[in-house]
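Have a look at the structure below before the remarks.
The values are calculated or read from the model by the stated rules, or taken from the named source; none is laboratory data. Worth saying up front: this structure is predicted, and the values here are computed from it rather than measured. Note: ideal-geometry Cβ built from the backbone for every residue, glycine included; neighbour counts use all protein chains shown. Ligands, DNA and RNA are stripped out before the accessible areas are found, and what is left, the full protein with its side chains, is counted by its heavy atoms. Shrake-Rupley method; radii C 1.70, N 1.55, O 1.52, S 1.80 Å.
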Amino acid sequence: MNNGEKTPKILLTRKLPEAAEKAFANTFDCTFNPADKPMTSQEILAAAEGFDGLAVTSMDKFPAEIIKALPGSVRIMATVSVGHEHIDHHAARSRNIATTNTPDVLTDATADIALLLLLGAARGAHWGERMIRENRWPPPSMVTPLGSDVSGQRLGILGMGRIGQAVAKRASAFGMTIHYHNRKAVDDSLAPGATFHASFESMLPHCDFLSVNCAMTPETKGLINARTLALLPRGAIVVNTARGGVVDDDSLIAALQSGHIAAAGLDVFANEPNLDPRYRTLENTFLLPHLGSATLNTRTKMALKALDNLKDFFSGKKPRDQFN
Ligand code: DGY
C-alpha cells in the first residue's frame, strides 16, 4: 500500500474489538484509545494533528465548524457506523476530506433488535421481567396483565432499505402482513408480498405496528409527530431502531400517555445518552440503550469494513462506502 511512502497515520477515536484493532495495527500507523475514553470534538481536533485519517464512531460529533477546524493532514474520516448524520459531509467535501460508513454488515443485528423491540413492546417483556425481578408474581387472573398479538397484525415499515427489508423478512415469519413507505418501491423479490405506499401518510391507517428504519435526514427529522401519529389506528405500537431524531418526543410521549399509541419499543433517542426522562416513567415503553449493532461479530465486521475503506483510500481507489 505504501509503495515506499510513509505508512498513513490513523487516529481511532474509540476502542474497537480486539481482532479489528490488530488488523488496523497491521495495516496503518495507528493511535488507539485503549481506555475507550469518550473524546469531545475539541479533544479530537487537538489529537488529530498530523494524522492522515480518522476512524470515528456515531458517538463522535463532526458539525461543519469542527470539520472546518480539522488539521490539513486529515484526508479521510471513516465512521464505524452505517448512520452518518453525525458528520457534515458537505463540509467534509469542501475540505476535500472523504467520508465513508459501514453499510450491510449490521443489517441482521439491527433487524433482530427491531423484532426484539416489537415483540417486547407488544407482549410487555419489560413489565413481565420487572415483576419477576421485584418478586411481584401477578395475582392469578385470565384478564390481567395482557399484551397484544403480533401474528396476523399489519406492520408498516418506514424506510425499506437493507434493514427495513430484513425486518420485513423476520416479521413475515411471525405471520405479520407487511406495508412499507420508501422513496420508491423496491423489487418484489426484496420484499415479497409487501404493499408499497407512495406516501407515508397513506400507509399509516394500515399499520397496527410501525417500525422506523429510515436514515436521519432533514426530510425525516421529526416525521413521527402529532399529525402522523394521529393517522395510526388507536392502539398501534411504534418501534424505532433508526435514529431518535426521526421522532418528535413530545408527540410520542403524549400519544403513549393518552393510550392512542399502546406501546413503544425504542433503541434510539434524540440527544443520546440524555433521553427524554419521561420515557423512563412510562409503563408502556420498552427501552434499550442503542444496541442495534451491539454484538462482537457485528462490531468486528463494522470495524473491518471501515478498515477496508481506509485501505482503498490510501491505495488510491475510491472507497466502496464513500458517501460524499
Ligand atoms: C449505526 O451504525 O448507525 C448504528 O446505529 C450504530 O451507531
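Here Ile76, Ile163, Ile132 are screened, and the one residue that is within 16 Å of the ligand (Cβ to nearest atom) and out of contact with any Lys or Arg (no Cβ under 8 Å at 6 or more places or on another chain) is Ile163.
Among the numbered conditions (1) polar (S, T, N, Q); (2) open to solvent by 10 Å² or more (accessible area, probe 1.4 Å); (3) closer than 30 Å to Phe323 by Cβ; (4) not assigned by TED's automatic domain parsing to the domain that holds Ala78, the only one that Thr300 does not meet is (4). Does the stretch 314-324 hold any residues that are assigned to a loop (DSSP other than H, G, I, E, B) and either open to solvent by 30 Å² or more (accessible area, probe 1.4 Å) or in the same structural domain as Leu256 (by TED's automatic domain parsing) (or both), and which are they? Selection gives Ser315, Gly316, Lys317, Lys318, Arg320, Phe323, Asn324.
Suppose the filter is open to solvent by 40 Å² or more (accessible area, probe 1.4 Å), modelled with pLDDT of 95 or more and under 30 Å from Thr281 (Cβ atoms); does Arg93 pass it? Spelling it out, it is not the case that Arg93 is open to solvent by 40 Å² or more (accessible area, probe 1.4 Å), modelled with pLDDT of 95 or more and under 30 Å from Thr281 (Cβ atoms). Just one of the numbered conditions (1) more than 16 Å from the ligand (Cβ to nearest atom); (2) closer than 14 Å to Asp321 by Cα; (3) not β-branched (Val, Ile, Thr) is not true of His89: (1). Restricting Asp149, Asp104, Asp108 to residues that are surrounded by fewer than 22 Cβ atoms within 10 Å (Cβ to Cβ), over 23 Å from Lys311 (Cα atoms) and within 16 Å of the ligand (Cβ to nearest atom) narrows the list to Asp108. Looking at the structure I just gave you, is Thr144 more than 16 Å from the ligand (Cβ to nearest atom) and either at negative phi or surrounded by 14 or more Cβ atoms within 10 Å (Cβ to Cβ) (or both)? So Thr144 passes the test.
When every residue of the stretch 303-313 is checked against the conditions, none turns out to be under 20 Å from Ser81 (Cα atoms), under 22 Å from the mean Cα position of the chain (by Cα) and surrounded by fewer than 16 Cβ atoms within 10 Å (Cβ to Cβ).
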